[in-house]
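Every number here is computed from the coordinates shown, using simple stated rules; none is lab data. From a predicted model like this one, the values you see are computed outputs, not experimental measurements. No Cβ is skipped: glycine too gets one built from the backbone with ideal geometry, and neighbour counts run over all protein chains shown.
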Amino acid sequence: MSDKLWGGRFTAKASEWVDEFGASIHFDQKMAAEDLEGSIAHAKMLGKQAIISSDESAQIVAGLESLQQELTAGNLTFDVKNEDIHMNMEALLTEKIGAVAGKLHTARSRNDQVATDFHLWVKHRLPHVMSAVTDLQSELLSLADKHAGTIMSGYTHLQHAQPITYGHYLLAYFNMFQRDYERFEFNQKHTDILPLGAAALAGTTFPIDREFVAGELGFSDIYHNSLDAVSDRDFALEFLGNASILMMHLSRMAEELILWSSYEFNYIELSDDFSTGSSIMPQKKNADFAELVRGKTGRTYGSLLALLTTMKSLPLAYNKDMQEDKEQVFDVMDTVIASVKIFTGMLNGLTVHEGQMLAATQDDFSNATELADYLATKGVPFREAHAIVGQLVLKGIQTHTPLQKMTLTDLQAAAPQIEADIYQILASETAVNRRTSLGGTAVTNVKKEVTRNYKILEERQ
């Protein structure tokens, strides 16, 4: 007979390398605290429902609580022969309280047990992700408030487009991270569902009280279909998907931090705490941490694709393939929290070269739209105005003369509707502040959005 806890119908013992391949204890021990938490709730329910005696329930609970203390103290060791965290905990409990430990598994399967542990693990950590995102948003708002009027070039196709403010730019990322926060909020709803009580796949004949267990573990809902309960990993996929979008947002901003800290742009400078040097080139200051976040985005995408691929053709209900669901989530949880915190630190220590940003808008043609709009207000059809300004830009490129430095005579030769007030219109500050439409670049708009967004963060307290 096999020496496994489940080995009654088996006659052979697996080789060590086979045990090693099938085991998950190397990684699912991360759920040790959740496994004990779930088992305590289950044991209390078994006693309450008289499925086991109250004395047996109390004995099991006491043993589990003792294991909790040992786990906290770092005194528990796990054996690969027991495959996973669930069997390891049962073996440790048996060593501690004897054969009565075997009654803990009444009305329960490892299928609903692991699902419960996994739900609890993600449920406990999503608030940490959301807290980190909040801190990042707070840092963005602080910078946006400070730089509400800091003029810079806005880009499309990585080409100068129209003047904006750095504060306006930062608020764009605030809004991205706000959507990320809301996605994790929704993720919480789908994580906060109790699978325990579904047993292997069909429920149980014992008179269990799932509502009691849900209350003990702090779940707000219960799976209402036993097949779904043990086979659902949507909450994990949802987390990985949300994490991937968040990391994509971080990666986009990381790319700009890397570009803008280069010699050619010199818009910003990262603090020494979040930069590294070169082993051979003494002058180098590398944006390594921004690059690492950009790189870890690919790592996160890989985890999402891995679990999607694992789940895509699994028949109901539980399959051993689903053992591959946790490592990716464990890794991405650590990756996301660390990446967000790194970003918050980078922004906190950021030096903004305001003069360089402004100068970049004064020797280009990013005010061309202002001239076209000006002509349109003078009655020139916009398409005609667009063509006129295009010819002026071409002349400016050929003569290395920005629009605002062209003589009034030259401007009027192209369009007699142009008057002396055009020079005020062509100023970067004017271009920014005239865009008072909702969502526009005007400094007053930026200030209003900063105030509105601070209220959003305050409501989370």
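Would you work out if the chain is rounded, prolate or oblate? Take a ≥ b ≥ c from the square roots of the eigenvalues of the alpha-carbon gyration tensor; rounded if a/c is under 1.5, else prolate when a/b is larger than b/c, oblate otherwise. Note, shape of the chain comes out prolate.
Close amide-amide hydrogen proximity is noted between Ile164 and Met152, Ser153, Gly154, each under 5 Å apart and 5 or more residues distant or on a separate chain (H modeled in the peptide plane; Pro and chain starts excluded). Scanning residues 5 or more positions from Asn286 or on other chains, those with amide H under 5 Å from its amide H are Thr276, Gly277, with H placed 1.01 Å from N in the peptide plane.
Of all DSSP-defined beta bridges confined to segment 111-359, some 80% are antiparallel rather than parallel. Placing unit charges on the Cβ atoms of the charged side chains and taking the dipole of segment 18-106 about its Cα centre, the candidate lying farthest along the positive direction among Ala43, Ser24, Met87 is Ala43.
Applying a length cut-off of 15 Å (Cα extent along the axis) and a mean Kyte-Doolittle floor of -1.0 to the DSSP H helices of the chain leaves 32-48, 54-72, 85-97, 110-146, 234-260, 288-311, 326-348, 382-399, 443-458. Loop-located GluC sites (Glu not before Pro) across segment 206-267 with a Cβ neighbour count of 15 or fewer within 10 Å are Glu264, with loop assigned by DSSP. Taking a threshold of 27 Å on the Cα-Cα distance, which of the pairs Lys189/Lys341; Lys81/Lys312; Lys44/Lys312; Lys146/Lys455; Lys30/Lys312; Lys30/Lys320 fall above it? Result: Lys81/Lys312; Lys44/Lys312 exceed 27 Å. Exposed loop sites are taken as chymotrypsin sites (Phe, Trp or Tyr not before Pro) in a DSSP loop (any state but H, G, I, E or B) with at most 13 other beta carbon atoms within 10 Å; the longest stretch of the chain without one runs 11-262. Ranked by how many other Cβ atoms sit within 10 Å of their own Cβ, fewest first, the residues Lys341, Lys96 fall in the order Lys341, Lys96. Amide H contacts under 5 Å for His353: Ile268, Glu269, restricted to partners 5 or more places along the chain or on a different chain, H placed in the peptide plane at 1.01 Å from N.
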